[in-house]
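Let me begin by presenting the structure, written as structure tokens, before commenting on it.
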Amino acid sequence: MLSSRIRHASLLEKIVTKETAASWIEDGMTIGFSGFTSSGDAKEIPVAIAERARAAGKPFKINVYTGASVAPTIDSVLADYMNIRLPFQSDKDLRKSINKGNVNYIDQHLSETGDALLTGAIPSVDIAVVEALAITEDGSIIPTTSGGNTHNYIKNAKEVIVELNLAQPLSLEGVHDIYDIGAFGERKPIPLQAVDDRVGRTSIPTGLDKIKGIVITEQLDTPKTLVEPDEETSTIARHLLNFLRDEIKAGRLSEKLPPLQSGVGSVANAVFHGFLHSEFHDLELYSEVLQDSVFDLIDAGKIRFASGGALTLSKEKMDVVLNHFENYRDKMMLRPQDMSNNPEIIRRLGLITINTAIEVDIYGNVNSTHIMGNKMMNGIGGSGDFTRNARLSIFVTKSIAKNGDISSIVPFISHVDHTEHDVMVVVTEQGVADLRGLTPRQRAIKLIENCAHPSYREQLYAYFNEASQRGGQTPHVLEKAFAWHVRFNQTGSMREGSTLPLVEKEKVNVN
């Protein structure tokens, strides 16, 4: 069996235990892990690193780079041993360490990590720890279920440790498109003009000598927990589809839609699932993640081709897809994130992008990362890459949270990730706000009327009217701009007149 996975005999001598591999990771090192949204990440070596550090009882900190979020076997297990963490995470234990200031978290646009390495803006990689499907005769590494930053870490690292995962099916071989975009000042246009163009290799050039050791594993990816579509997300999907129909009627879109992008997570997955029972067909996807809804749409004959950075699947869908991958391999491709999130390609293909917001203010600025202005949730991920360069950038969110105590439409967002200049359309279960071609004051009225929950509209209009009386291109009452967030922190609700007994204030949970 190993001969089909390790295709040069000399590499058999490099097979080691996970404990041996962990012993090579020293305090102060920078480790580049494969993995993107808990797909294709290292699964056993990180646990062995933590166990060794715990047993030694000495100061031990490493810098941890990944593609995006990874499984708890990296982010949770190593949270106490991280110095720097980048570029994206979604782990609750790591999130707590970040918000306590115990981990130096660098929230990056996912398209930019490779360039940060290339220019020396961040510490270089000492060792790359990567999951592989197989290693070719010339020492090239065939990835598993994600592209991520693996090729950048291998290229930048002094040495590479491979987790050869026998649980990942060999049918994945050939699905990747690994392309090196090159150095600044030497780059050529990326020769990709359609979502199904293949412009690179199916493996990552590494070299036999650079591989320090191989650990044999047999463990599938950590499944994603995706919440089924509910009444609100189904309504958001209907509003979105009706908006696209109106764009077609107006002649701004053709019946054959441009390629789509959908962000990660339950809301985005549920909203994208709305295409399943629509008239739209021959859909194309150029995205970061291929979630459950993508494969439901492929099964229904709705998606012609899907290009992504990772398979991000629930347990049920993972079993179906990996056990019957021959049904999907000619309809999809996995790429590194400096390809999947590349601004040049996004702009060239003219994508319709659909991402999720935590909150939106009345002028169209979007916060997608922070709770109440200072608590990091996950990170910006690729939403900025796509939003800034889209033909049509759309954000979706439910209009309220915490049983109505939080309004997702606020006077001023508590943290800015996407400015009003990049946000074209906002959709909630209340309706659609098309912000294109509107002034700030016009956008405010559109967002309040179409997207805000009815229980908060009067409050929003009161703020906007008071701000408008003060004048300005973008009216604000600065001393009240964050009053809603302050009120929630003090009382547990953004509603005006909300009060909470002093003894209860400590129980308010803003995470």
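Local charge sum around residue 63 (other residues, Cβ-Cβ under 10 Å, Lys/Arg +1, Asp/Glu -1)?
Details: positive: 61, 85; negative: 126.
Summing Lys/Arg as +1 and Asp/Glu as -1 gives +1.
Ordered from highest to lowest accessible area with the whole protein assembly present and a 1.4 Å probe, 26, 163 read as 26, 163. What a 1.4 Å probe finds exposed on the chain is 49% carbon and sulfur by accessible area, rounded to a whole percent. Projecting the alpha carbon convex hull of the chain along each direction and taking the average yields 24.8 nm². Close Lys pairs in region 79-232 (alpha-carbon distance under 13 Å; sequence gap of 8 or more, or different chains): 4. Full extension of the chain between residue 228 and residue 167 gives 19.2 nm of extra length, using 0.36 nm per residue less the Cα-Cα distance. Calculated on C-alpha atoms, the gyration radius of region 56-144 divided by its Kirkwood radius gives an Rg/Rh of 1.00. Report the Rg/Rh value for region 336-472, based on alpha-carbon coordinates and the Kirkwood definition of Rh. Here Rg/Rh amounts to 0.98.
The listed residues 180, 417, once ranked by accessible area (1.4 Å probe) with the largest placed first, stand as 180, 417.
Using the 1.4 Å probe convention, the accessible area of the chain works out to 39 Å² per residue with neighbouring protein chains retained. In region 437-504, the C-alpha radius of gyration followed by the widest Cα-Cα span (Dmax) gives 13.8, 49 angstrom.
Given that compact globular proteins tend to follow 2.2 N^0.38 Å, what is the ratio of the alpha-carbon Rg of region 224-279 to that value? Provide the component values of the computation, followed by the final result.
On the way: Rg = 12.2 Å, N = 56, 2.2 N^0.38 = 10.2 Å.
Normalised Cα radius of gyration, region 224-279: 1.20.
Dipole size in debye (nearest 20) for the chain around its Cα centre, Lys and Arg Cβ +1, Asp and Glu Cβ -1? Show your work: numbers first, answer last.
Values: 53 positive and 65 negative charges, 173 e Å.
Once rounded to the nearest 20, the dipole reads 840 debye.
Here is the size of region 186-313 from its Cα atoms: Rg then Dmax, 18.5, 59 Å.
With N residues in region 1-115, what two-decimal value do you get for its Cα radius of gyration over 2.2 N^0.38 Å? Don't jump to the answer; show the numbers that get you there.
Values: Rg = 15.2 Å, N = 115, 2.2 N^0.38 = 13.4 Å.
Its radius of gyration relative to the 2.2 N^0.38 Å reference: 1.14.
Place a point 7 Å from Cα of residue 468 in the direction of its Cβ. Which residues in region 413-437 have their backbone N less than 20 Å from it? Those under the cut-off are 413, 432-437.
Here the gap between residue 246 and residue 391, fully extended at 0.36 nm per residue and compared with their Cα-Cα distance, gives a gain of 50.6 nm. Length gained on full extension, residue 186 to residue 442: 87.7 nm, using 0.36 nm per residue less the C-alpha separation.
The values are calculated or read from the model by the stated rules, or taken from the named source; none is laboratory data. Everything quoted here is computed from the prediction, not taken from an experiment. With ideal geometry, Cβ positions are generated from the backbone for all residues, glycine too; neighbour counts draw on all protein chains shown. For the accessible areas, the whole protein counts, side chains as well, though only heavy atoms, and no ligand, DNA or RNA atoms are used. Shrake-Rupley method; radii C 1.70, N 1.55, O 1.52, S 1.80 Å.
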